[in-house]
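Scroll down for the structure; my scribbles are underneath it.
The values are calculated or read from the model by the stated rules, or taken from the named source; none is laboratory data. Everything numeric here is computed off the predicted structure, so don't read it as measured data. As a convention, Cβ positions derive from the backbone with ideal geometry for all residues, glycine included, and neighbour counts pool all protein chains shown. Accessible surface is based on the protein model in full, side chains and every heavy atom, while ligands, DNA and RNA are left aside. Shrake-Rupley method; radii C 1.70, N 1.55, O 1.52, S 1.80 Å.
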Amino acid sequence: MRYLPKSPAERVEMLEQIGAGPGLKTIADLFAVIPAEYRLERDLDVPRQMAESEIIDYFKAAGAQNAVGYASFLGAGCYRHYRPVVIDSLVQRGEFLTSYTPYQPEITQGTLQAIFEFQTMICELTGMDVANASMYDGSTGAAEAVMMAARITGRHKSVVAATVHPEYREVLTTYAQHQGLPTTLVGYDAESGRVDLAALDAAVTDETACVLVQSPNFFGVIEDIPAIAALAHAKGALLVVSIAEAVSLGIVKPPVEADVVSMEAQSFGVAISYGGPFCGVIATKEKYLRQMPGRLAGQTKDADGNVGYVLTLSTREQHIRREKATSNICTNQALVALMATIFLTVYGKQGIRDLAIQNLAKADFAAKTLAAQTGTKLLFANSPRFHEFVLQTSETPAQLNARLLDEKIIGGLDLGKWYPELGNATLWCATELNTRAQIEAAAGVAASQAIEAASSV
């Protein structure tokens, strides 16, 4: 944004225009209505202004303090994947770099076509008929999908698997607490790491609007979606499947049995950026289209027969009048969706599959290598998984991660906050950016604890 300074003469002229009365001669006079005891009569205690060259030097010095050269095995809904450089080159063009919602198709054909292409790719990946563009992130997408199911069914209860991302469940609770939409939490099988189907069957009633599961789930395990769908549909409930790792769809069968799919598309070329903004998506069957929140771009033809794109099947009330809308999502997420569109275009169908296979192979090697160390156990070892896995160790996660940090390795996520019953358990993730050397180095750190323990006996 440009800074447009005003000269003293211009400021006087502006004050004369807005003054409409005597006494308005300075900027301070604008604040005369504020009681004197609440006015700050001194300069702000902030550092002096800097010249441009000083600002550049300051940020260079600050950047030098960043931790560089660390290997990371964190995942849990926020994933490190390679981002082709072309993404930033395109999304920073002036035609796209705006949060303005493309209500006027005559001047926004490029943005609308990009949204349409994004929707098409998401449908191809998820096996659904229609997709929106887009939600804020995967957590809000999951919550919106549950409320969507309640509108469709006319029911007002939901059943949620404990294997859904804990923070997704927290967001759902925030959404649901004032919606009269109570949720029932269903546990998981201790051996498989999958949702307990018997408990799920018992929890679903004729008042249940939907069942919410995640696959791959928070433990990295792939759920039995056909079995869960059959269970939910037998009692008239819808199935909502949340996908936190979009790259998994390159090799994992899409949840075509679901009624609604909520997905986090951050892995498709969206930088981690300290936690956002991300790219949430809702995709669904065509018959539920009218209850889907967010924007939908459609393809049409103009009066001359030329192909064109427009926002369709929702009025502007959808975005500006809360009481008339299916959702109060407002900010245009098209720029983030464009990042995903470019990513998917660059990789292509075979490229996404190859990327998924590489992630699967890296995680399999990491799980086997780490679990082979003394004092380390791979949980849910016999269940199908993608690129995340749970390790149980003899030492606490804090102790293990502290030793890993000494070797410039960021270890797995401590699961004790959400799953204390698992003991000293951490959630690990390996993507295409993790090298064999990094994995073996992490295993070496894990092994050194056992060696130290043995030598001290």
Exercise. Counting only residues that are of a type in the set (Phe, Trp, Tyr) and either touching a residue at least 24 places away in the same chain (Cβ under 8 Å) or within 30 Å of Phe218 (Cβ to Cβ) (or both), how many does the range 24-78 have?
Worked result: 2
Exercise. In this structure, is Thr184 at negative phi, surrounded by fewer than 20 Cβ atoms within 10 Å (Cβ to Cβ), β-branched (Val, Ile, Thr) and out of contact with any Leu (no Cβ under 7 Å at 6 or more places or on another chain)?
Worked result: yes
Seminar exercise, completed: Of the residues in the range 200-220, those that are surrounded by fewer than 21 Cβ atoms within 10 Å (Cβ to Cβ) and either without any contact (Cβ under 8 Å) to a residue 24 or more places away in the chain or under 11 Å from Ala258 (Cα atoms) (or both) number 1
Problem set entry | Condition check for Thr111: open to solvent by less than 40 Å² (accessible area, probe 1.4 Å) and touching a helix residue (DSSP H, G or I) at 6+ places or on another chain (Cβ under 7 Å) | yes
Exercise. Since Thr341 meets every condition but one in (1) crowded, with 23+ Cβ neighbours inside 10 Å; (2) within 20 Å of Thr431 (Cα to Cα), which condition does it not meet?
Worked result: (2)
Exercise. Could you say which residue among Tyr168, Tyr175 is aromatic (Phe, Trp, Tyr), in contact (Cβ under 8 Å) with a residue 24 or more places away in the chain and surrounded by fewer than 24 Cβ atoms within 10 Å (Cβ to Cβ)?
Worked result: Tyr175
Exercise. Quick one: is Ala447 open to solvent by less than 30 Å² (accessible area, probe 1.4 Å) and modelled with pLDDT under 95?
Worked result: yes
Exercise. For the range 233-258, how many residues meet the condition of being among the aliphatic types (A, V, I, L, M) and over 15 Å from Ile152 (Cβ atoms)?
Worked result: 10
Seminar exercise, completed: Cβ pairs under 6 Å, 6+ apart or interchain, first in the range 88-107 and open to solvent by 80 Å² or more (accessible area, probe 1.4 Å), second at pLDDT 85 or above, ordered by first then second residue, are Glu95/Gly110
